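Shown next, in structure tokens, is the structure this report addresses.
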Amino acid sequence: MSAAEAKGGVIGTRKLRREDPELLAGKARFADDLVIPGALYMVMVRSPFAHARIRSIDVESALGVPGVVGAYTGADLAGEWAGPMPCAWPVTPDMKNPPHFPLATEVARYAGDGVVAVVATTKTAAVDAAALVSVEYEELSPVLDLEEAASDSEVIYEDFGTNASFVWSVEPDPDGVRQAFDQAAVVVSERYVHPRLIPAAMEPRAIAVVPSPMGDEYVVYSSTQIPHILRVMLALTAGISETKLRVVAPSVGGAFGSKLDVYAEELLCLALARRLKQPVRFTEERGEATMATVHGRGQVQQIELAADQDGKVLAVRANILADMGAYLQLVTPGVPLLGAFLYHGLYDIPNYSFTCKGVFTNKTPTDAYRGAGRPEATFAIERAMDTLADKLGIDPAEIRRRNFIPADKFPYSSAAGLSFDSGNYGPNLEKALDLAGYSALREEQARRVAAGDSHLLGIGISCYVEMCGLAPSRVLGALSYGAGGWEAATVRVLPTAKVQVVTGSAPHGQGHETSWSMIVADRLGVPPEDVEVLHSDTSISPLGMDTYGSRSLSVGGSAIFVAADKVVEKARKIAAHQLEVAEEDLEFASGSFKVKGSPDREMPLAGIAFEAFTAHNLPDGLEPNLEASVTWDPPNFTFPNGSHIAVVDVDQETGAVELLRYIAVDDCGNQINPMIVEGQIHGGIAQGVAQALFEEASYDSEGTLVTASLADYLVPSAAELPSFELANTVTPSPTNPLGVKGIGEAGAIGSAPAVINAIVDALGHLGVTNCPMPATPERVWKLLQQAKAHK
Amino acid sequence: MRVEMKVNGVARAADVEDRTLLVHFLRDALGLTGTNVGCDTSSCGACTVLVNGESVKSCTVLAAQFSGEEITTIEGLAGADGTLHPLQRAFQENHALQCGYCTPGMVMASLSLINEHPNLDEKAVREGLEGNLCRCTGYHNIVKAVLAAQSEMGGKL
């Protein structure tokens with residue numbers, strides 16, 4: 001049964017979030033809010049240099065500060081580690097992965113690399129002492145520019161002899177690609193740069209490790225989005241039995257991929273709590289968060305399209321340089337792979353070639369950031385499609401219509417090797433164009449140009465498809481990922497008919513408690529208020545693969561859905577037994593089994609739960625209690641898609657770009673809670689718009705991050721954004737029983753190309769064909785000046 | 001040094017280091033952890049509280065500066081029985097929060113904004129909340145919530 005045939009009328013409603021009252025009253029507990037008597041505070045001493053040999057470290061003065069317990073160098077703690085910090089995605093057998101330990105010992109390889117951990121009884125004492133640690137550095141030449149790094153003119157890791165970590169390709173038919181380009185009427189060849197982005201979750205990372213007073217056990221409280229994966233990795237890296245570690249993610253204040261990682265400070269707090277036999281905690285300051293929490297994006301892309309005279313694209317070829325930063329974090333090398341299959345977008349392109357080189361630089365390590373690989377792919381194809389349209393004099397909407405995968409081709413086998421589950425792209429785009437009033441916008445655009453208006457209008461279209469619902473475990477295996485992509489769930493009806501749901505996905509703002517209770521309430525016919533959702537604590541939910549890649553609902557929600565239905569089937573056996581009818585003579589509706597044709601003979605789930613608990617009168621061989629556990633491994637990815645339209649005003653005098661309107665029509669399949677879906681889209685759009693217009697992790701020539709505070713790194717405020725105009729289309733996913741596709745990343749994937757396409761569209765008549773990100777007023781003004789000089 | 005202030009209507013006092021910031025006084029000395037720290041540079045507004053009814057970013061002012069003043073934190077908004085303030089309710093009803101980390105500061109800044117400008121429109125809300133960052137919501141629903149709360153509250157707090 002699909003969610004569309006939902007039983008309880010709960011799925012699909014705009015139910016308010018149960019998480020909110022505590023958060024709104026200031027009662028929710030984030031990791032730094034936890035009161036832990038006797039906890040020691042850890043403060044990090046970090047390298048101010050991007051690349052420097054550590055000559056000597058003097059902690060003598062630091063140790064003299066009252067309250068200081070210790071100041072630890074990498075050498076001091078070398079014996080604590082069973083292995084280096086983990087990278088779980090060795091994308092090729094020969095991938096180069098430098099040893100990475102929580103503290104740098106001989107060479108610091110980015111500004112922010114940890115060198116000394118200072119521990120004291122108060123935070124202020126630790127801060128004071130850290131300032132007194134003296135490190136003598138010998139500055140080495142930093143390798144900063146991605147393309148220069150790829151040229152190996154200077155090499156960061158001498159043992160490797162190259163800055164390349166790996167080269168990874170997908171090119172099922174090289175001859176086909178070559179022929180398509182040879183025979184093409186039109187070829188587009190474009191270069192795009194994705195700046196590094198700082199994820200900037202509002203909550204800085206915080207960790208506290210509390211040793212048990214007996215038994216060498218540790219409770220790790222971390223602002224993580226992956227408590228389960230973190231437990232495995234802490235166990236392996238610190239050499240502690242997994243059974244002795246309990247990881248708890250309290251309320252987590254946003255993550256966007258940046259807390260999908262295993263961080264040095266988590267390991268240091270654990271090792272120091274083990275060594276000192278006291279709780280140790282750490283909370284990063286924003287100035288550290290910008291340097292020592294992973295960055296996102298950081299790619300240089302070369303994309304080529306081969307097309308016929310009508311604009312039908314015959315081949316796509318993409319060559320990518322991906323900035324790894326100084327070390328490989330948990331899934332750093334895999335990020336470009338998540339986009340590797342999507343450089344043809346949602347177009348029916350028969351020939352495909354993708355190659356990516358992962359390259360080390362002396363910068364903060366990169367890793368997953370909202371969309372992870374898919375925003376980059378979408379940007380490349382959507383910008384290139386606009387360039388192709390421009391070359392052929394075809395409207396950007398029309399070039400997309402001509403190339404969409406036709407609705408009757410689903411499931412669609414892509415040239416890159418994926419099977420797209422479902423979609424109907426044409427009507428989705430038409431809906432967006434209608435909502436935007438596309439032809440009226442084009443008229444207004446032409447009117448402004450004709451009138452010589454100093455404010456130009458730009459209309460940018462971006463159609464996207466993403467692969468979500470990470471992920472089928474076998475596919476992950478084929479991609480060399482070090483884990484599976486399943487999710488675990490338990491649904492348990494207690495004797496009093498209250499329901500407990502245990503989920504392995506770990507929310508950090510997505511509203512899992514609300515959505516999961518809706519799914520279960522719908523399936524079991526109980527009030528959502530009677531459903532408790534337990535999560536983010538490995539002692540309560542021992543199995544899980546956590547939250548990232550828009551996977552929670554399509555994978556975790558499906559596990560819950562299937563578990564709830566298993567509970568119903570078990571209850572049916574009990575009801576049939578006690579009502580003395582055949583199971584097929586029972587129908588389940590509104591939380592009660594009724595005998596078909598004799599509706600007065602019924603047995604509500606509440607009664608069955610108690611019967612299952614007492615176990616006095618169960619069918620032979622049936623286990624007591626009403627509970628089911630499911631591990632759901634998805635058979636395929638899901639493929640959310642949509643059409644986004646940005647309308648911008650470009651001031652020719654100043655180069656300032658104002659986002660006037662933003663229209664998004666998304667297809668995430670069935671929706672459990674449309675209110676939450678819209679919220680996810682809003683936030684994603686804001687992040688993608690920010691990439692297009694405002695945000696860039698900027699380094700100076702020495703490799704110092706100059707956007708190291710929120711005063712310098714321009715996370716947009718309400719004043720920089722408009723309200724968004726949303727609509728949706730629905731093609732349920734056949735991949736999972738809920739028919740859902742995922743929506744967490746869609747907004748961030750669709751929006752950056754829509755905005756840049758709009759800017760180029762505004763300036764196109766002046767001869768502008770591309771615009772760098774972020775499109776700051778200075779950059780746009782320079783584009784205008786260059787274009788006018790050429791005219 | 002001893003710092004005394006009225007917090008959420010109750011006289012509170014604690015002995016703290018001279019350099020203690022207001023936000024740490026509230027969080028660490030008084031245990032009011034609803035007020036969050038997001039940036040340390042008064043850029044993000046997560047730490048916004050009201051001092052005598054006006055919004056102040058508590059991460060860049062010293063506790064000692066506010067001795068004797070009246071402070072309202074997020075914990076002081078809901079009724080004693082837990083009934084949410086109309087502005088808090090509007091945030092929930094309009095899905096104006098996701099992770100909730102910026103929310104206490106956003107609510108306090110919004111309250112001050114509504115208080116000072118009884119006839120807000122969308123533009124005024126957006127500009128008025130410029131000093132408070134949210135990474136989850138894209139602000140769309142925050143703006144809706146503030147406008148909804150303003151009309152419900154009828155200009156009264």
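Each reported figure results from applying straightforward, stated rules to the coordinates on display, with no laboratory input. Being a predicted model, the structure only gives us computed values, none of them experimental. Cβ placement follows ideal geometry from the backbone for every residue including glycine, while neighbour counts extend to all protein chains displayed.
Using alpha-carbon pairs under 8 Å, 6+ residues apart, how would you state the relative contact order of region B:86-153 in percent? With pairs under 8 Å counted, the relative contact order is 55 percent.
What list do you get for A:SER592, A:SER558 if you sort them by fewest beta carbons within 10 Å? Provide the component values of the computation, followed by the final result.
Details: A:SER592 18, A:SER558 25.
Sorted ascending by nearby Cβ count, the order is A:SER592, A:SER558.
Per-residue Cβ neighbour counts within 10 Å put A:LYS782, A:LYS573 in the sequence A:LYS782, A:LYS573, beginning with the fewest.
Considering only DSSP beta bridges where both residues belong to chain A, give the percentage that are antiparallel (nearest 5).
Details: 102 of 128 bridges.
If we restrict to bridges inside chain A, about 80 percent are antiparallel.
Put simply, the Cα atoms of region A:611-756 extend 82, 40, 28 Å along their principal axes, the longest span coming first.
Against chain B, whose longest principal axis is taken from its Cα atoms, helix B:140-153 shows a tilt of about 90°. Only helices reaching 24 angstrom along their own axis (Cα) with mean Kyte-Doolittle hydropathy no lower than -0.5 count here, and for the DSSP H runs of chain A these are A:374-392, A:558-579, A:674-693, A:746-763.
In a shell of Cβ-Cβ distance under 11 Å around A:ARG178, excluding A:ARG178 itself, what net charge do Lys and Arg (+1) and Asp and Glu (-1) give?
Details: positive: A:ARG317; negative: A:GLU171, A:ASP173, A:ASP175, A:ASP182.
Around A:ARG178, the surrounding residues sum to -3.
Given Cβ point charges of +1 (Lys, Arg) and -1 (Asp, Glu) and nothing else, what value in debye, to the nearest 20, does the dipole of chain A about its Cα centre take? Don't jump to the answer; show the numbers that get you there.
Details: 61 positive and 98 negative charges, 138 e Å.
The dipole magnitude comes to about 660 debye.
Projecting the Cα positions of A:GLY8, A:GLY26, A:ALA78 onto the charge dipole of region A:1-140 (unit charges on Cβ atoms of Lys, Arg, Asp and Glu, taken about the Cα centre) puts A:GLY8 furthest along the positive direction.
Quote the Stokes-Einstein diffusion coefficient, in whole µm² s⁻¹, for region B:86-153, based on the Kirkwood radius over alpha carbon pairs, a temperature of 4 °C and a viscosity of 1.567 mPa s.
Working: Rh = 11.4 Å.
Answer, rounded: 113 µm²/s.
Check the straight Cα-Cα distances from A:LYS96 and name the lysines below 30 Å, setting aside those fewer than 8 residues away within the same chain. Within the straight-line limit of under 30 Å, A:LYS96 reaches these lysines: A:LYS259, A:LYS357, A:LYS363. The residue among A:ALA50, A:GLY38, A:VAL68 whose Cα reaches farthest toward the positive pole of the charge dipole of region A:29-72, with charges on the beta-carbon of Lys, Arg, Asp and Glu, is A:ALA50. For the charge dipole of region B:86-153, defined by +1 on Lys and Arg C-beta atoms and -1 on Asp and Glu C-beta atoms about the Cα centroid, which residue among B:LEU87, B:THR103, B:LEU113 has the Cα displaced farthest towards the positive pole? Checked the options; the winner is B:THR103.
How big is the Cα convex hull of region B:2-76 in projection, averaged over all directions, in nm²? Before the final figure, lay out each step's value.
Values: hull surface 16.6 nm².
Hull-based average projected area comes out at 4.2 nm².
By other beta-carbon atoms within 10 Å, ranking A:HIS644, A:HIS455, A:HIS194 with the fewest at the front produces A:HIS455, A:HIS194, A:HIS644. Note on region B:2-76: with charges restricted to the Cβ of Lys and Arg (+1) and Asp and Glu (-1), its dipole about the Cα centre is near 80 debye.
Taken about its Cα centre, region B:42-130 carries a charge dipole of roughly 200 debye when the Cβ of each Lys and Arg holds +1 and the Cβ of each Asp and Glu holds -1. Rounded to whole Hz and in sequence order, give me ³J(HN,Hα) for region A:63-69 from the Karplus expression 6.51 cos²θ - 1.76 cosθ + 1.60, θ = phi - 60°, writing x for Gly and Pro. Each residue of region A:63-69 in turn: 5, x, 6, x, x, 6, 9 Hz.
Evaluating 6.51 cos²θ - 1.76 cosθ + 1.60 at θ = phi - 60° for every residue in region A:581-588, the Karplus couplings come out as 10, 6, 4, 6, 8, 9, 10, 10 Hz, glycine and proline recorded as x. Under the shape rule built on the C-alpha gyration tensor, where the axes satisfy a ≥ b ≥ c, chain A is oblate, since a/c reaches at least 1.5 while a/b does not exceed b/c. With an a/c value of 1.5 or above and a/b larger than b/c for the gyration tensor axes a ≥ b ≥ c computed over the alpha-carbon atoms, chain B is described as prolate. From the alpha carbon centroid of region A:510-555 to that of region A:446-472 is 36 Å. How far is helix B:103-116 tilted, in degrees, relative to the longest principal axis of the Cα atoms in chain B, given as a value from 0 to 90 rounded to the nearest 10? Relative to chain B, helix B:103-116 is tipped by roughly 70 degrees.
Pull out a ≥ b ≥ c, the square roots of the eigenvalues of the alpha-carbon gyration tensor of region B:58-102, then state rounded if a/c is under 1.5, prolate if not and a/b is larger than b/c, and oblate in the remaining case. Walk me through the intermediate numbers first.
Details: a/c = 3.74, a/b = 1.71, b/c = 2.19.
Oblate shape, in that a/c is at least 1.5 and b/c is the bigger or equal ratio.
Based on the Cα atoms of region A:1-156, what semi-axes does the equivalent ellipsoid have, where each is the square root of 5 times one gyration tensor eigenvalue, given in whole Å with the largest first? Each step should come with its number before you reach the end.
Values: eigenvalues 334, 173, 43 Å².
Taking √(5λ) for each Cα gyration eigenvalue gives 41, 29, 15 Å.
For Cα pairs less than 8 Å apart in space and 6+ apart in sequence, what is the mean separation divided by the residue count of chain A, i.e. the relative contact order in percent? Walk me through the numbers on the way to the answer.
Numbers: 1982 pairs, mean separation 123.8, N = 791.
Relative contact order comes out at 16 percent.
Backbone geometry of region A:499-508 corresponds, through the Karplus equation with coefficients 6.51, -1.76 and 1.60 at θ = phi - 60°, to 3J(HN,Hα) couplings of 10, 10, 10, 10, 10, x, 8, 10, x, 9 Hz, x marking Gly and Pro. Here is the list for region B:56-151: GluC sites (Glu not before Pro) lying in DSSP coil, each with at most 16 other C-beta atoms within 10 angstrom of its C-beta, are B:GLU69, B:GLU130.
Electrostatic tally near B:GLU127: other residues with Cβ closer than 13 Å to its Cβ, Lys and Arg +1, Asp and Glu -1, net -3. The lysines within cross-link reach of A:LYS409, meaning a Cα-to-Cα straight distance under 27 Å and a gap of 8 or more places when in the same chain, are A:LYS312, A:LYS431, A:LYS741.
Each Lys or Arg adds one and each Asp or Glu takes one away; over the other residues whose Cβ falls under 14 Å from the Cβ of A:ALA62, this sums to -4.
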